Structure formats: structure tokens, C-alpha cells
Amino acid sequence: QVQLVESGGGLVQPGGSLRLSCAASAEIFRSYAMGWYRQAPGKQRELVARISTGGMTIYADSVKGRFTISRDNAKNTAYLQMNSLKPEDTAVYYCHADRGARGYWGQGAQVTVSS
């Protein structure tokens, strides 16, 4: 069974930073693109950022310049560094691994931005 293990969520004040981590098996990590999605209450799940196996990245317009996605191939872990956080970034963040039509989800990590 494929497992994506997330960590790093929590409560932060506006303007603060958090880093999310997503650990995967080596088999998955070396051949799957890694992404982060988020879902706020009453809203659809949306793509936040994605990084290919070759390191190419894409970002949602709402997070460009504030969030950075990366992957550490030695640790089989993907990261989402979130800076200048805003209340509207509050959501459950999900790690996702994909290769073509095949994909796997993490369990989700709550990120709350509030004063």
C-alpha cells in the first residue's frame, strides 16, 4: 500500500511561515511527480504547487512568490515552504503523487492562519 506521510501543519499568524513535508517510499518518489493541493471549508480542492521528477515546478497564481515546492531525492521527501501566509491560505493541505493516470494522496495537514 502506497503511503504518503505528511507533517508540518499548524497554527501561524498572518505574515508567518510554515513548512510542510511529505515522505514517500523510494519507489514512488523516484518516478512520480509530487504536488500539494489544499481544500478550504466549503470549497473545492485546488492545486497549490507541483514539481516533476526533473524539478520543473508550477504554482497557483495565488501563491506565486510566497510558496516554494521542492523535493529531496536523498530523503524521498517533498516540501512546501510557505511564507507571508495569509488568512485565506487556511485549509487542509494534501500531498499528492502522480504519474499519468495513477495518483496517491496523503492524509492531509491542517494549516490555520489567524491572529
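Listed values, structure above:
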read-out: Mean ellipticity per residue at 222 nm, deg cm²/dmol - from DSSP H runs of n ≥ 4 across the chain, formula -39500 (n - 2.57); value: -1000 deg cm²/dmol
read-out: Accessible-area order (highest first, 1.4 angstrom probe) of the listed residues 61, 89, 72; value: 61, 72, 89
read-out: Lys, Arg +1 and Asp, Glu -1 on Cβ, resulting dipole of the chain about Cα centre, debye, nearest 20; value: 140 debye
read-out: Proximal aspartates and glutamates to residue 64, defined as alpha-carbon separation beneath 16 angstrom and excluding residues fewer than eight positions away on the same chain; value: 46, 88, 89
read-out: Amide H partners (placed H, <5 Å) of residue 90, local residues excluded; value: 113
read-out: Full-extension gain in nm, residue 52 to residue 115, via 0.36 nm per residue minus C-alpha separation; value: 19.2 nm
read-out: Cα convex hull volume per residue for the chain (Å³); value: 98 Å³
read-out: Accessible surface, region 1-113, averaged per residue in Å² (probe 1.4 Å); value: 54 Å²
read-out: Carbon and sulfur %, accessible surface of the chain computed with the full protein complex present, 1.4 Å; value: 46 percent
read-out: Separation of alpha-carbon centers, region 10-62 and region 70-98, rounded to whole Å; value: 4 Å
read-out: Simple spin-label estimate for residue 2 and residue 70 in nanometres, 7 Å along Cα-Cβ; value: 2.5 nm
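The values are calculated or read from the model by the stated rules, or taken from the named source; none is laboratory data. These numbers were taken from a predicted model, which means no experiment stands behind them. All Cβ positions, glycine included, derive from the backbone under ideal geometry; neighbour counts span all protein chains shown. Side chains are part of the model used for accessible areas, which takes the heavy atoms of the whole protein and leaves out ligands, DNA and RNA. Shrake-Rupley method; radii C 1.70, N 1.55, O 1.52, S 1.80 Å.
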